[in-house]
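This report refers to the structure that appears directly beneath it.
Quick note: the coordinates plus some simple rules give every number you see, no bench work behind them. Here the structure is a predicted model, which means the values were calculated and not measured. In this analysis, Cβ positions are derived from the backbone assuming ideal geometry, glycine residues included, and neighbour counts consider all displayed protein chains.
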Amino acid sequence: MRFLADRMLGKLAKKLRLLGFDTLYFPEEKEEKLLSIAMEQDRILLTKDTDFYKKAMKTGVKIFLLKSDRWRSQLKAVFDKFKIESSDLAPFSRCMECNEPLETVDKEEIRDRIPEYIYLTHDEFKICKKCGRVYWKGTHVDHMVAELSRILNGEVLFKYEDRDG
Ligand SMILES: [Zn+2]
């Protein structure tokens, strides 16, 4: 399942990538361009724009209209709509900034690019070959995945204030 998020859904796009979903996000592109990319690459368009949604429906492209302004509710809506389950997730397989698949990297190779205490306390690292960002399974990362999993299971939705950022 591959997605294409429209310009209002940048946070949702990052969370979907974090969970392993191939999700394009082009905040500057025109609607026509988004439609043609979605068609060509067989992607599901995600939008918050009702007019765009109606226009897109006429073209036959796959599109899903999100109602909420909050990424947690948006993510839950996507999970529900496409019946996504825990087994569909592949956390930390994709760069949340540029959507590239991550590659395992030896920690000696990236030693000078990570904090010393991270080097000393972690053994599993991944790198995005496109932007150079290094990922490791750390506390905040585990916390994020746990939270996203709880959203998937419907446990935390609406209990949270929106603390996006
Ligand atoms: Zn990247």
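Things worth noting here:
- Rounded to the nearest 10 degrees, the angle from helix 50-59 to the longest Cα principal axis of the chain is 80 degrees.
- Amide H to amide H, with H built 1.01 Å from N, L24 comes under 5 Å of F3, L4, A5, counting only residues 5 or more places away or on other chains.
- One chain, two ends: A90 and T121. Fully extended at 0.36 nm per residue, the span grows by 8.8 nm beyond their Cα-Cα distance.
- With 22 Å as the limit on Cα-Cα distance, the pairs of K33/K129; K48/K81; K15/K83; K83/K126 that go past it are K33/K129; K83/K126.
- One decimal place: the segment D42-R150 gains 36.0 nm when fully extended, by the rule 0.36 nm per residue minus the C-alpha distance.
- Think of the chain as a dipole: +1 on every Lys or Arg Cβ, -1 on every Asp or Glu Cβ, centred on the Cα centre; then among M96, G10, L66, L66 lies furthest on the positive end.
- 0 to 90° range, to nearest 10: angle between helix 31-41 axis and the chain longest Cα axis: 70 degrees
- Principal-axis tilt of helix 139-152 within the chain, Cα atoms, nearest 10 degrees: 30 degrees
- Multiplying the residue separation of I114 and S68 by 0.36 nm and removing their Cα-Cα distance gives an extension gain of 12.9 nm.
- Beta bridges by DSSP in the chain, antiparallel share as percent, to the nearest 5: 45 percent
- A cut-off under 9 angstrom between Cβ atoms defines the neighbours of R2, and their net charge, with Lys, Arg +1 and Asp, Glu -1, is -1.
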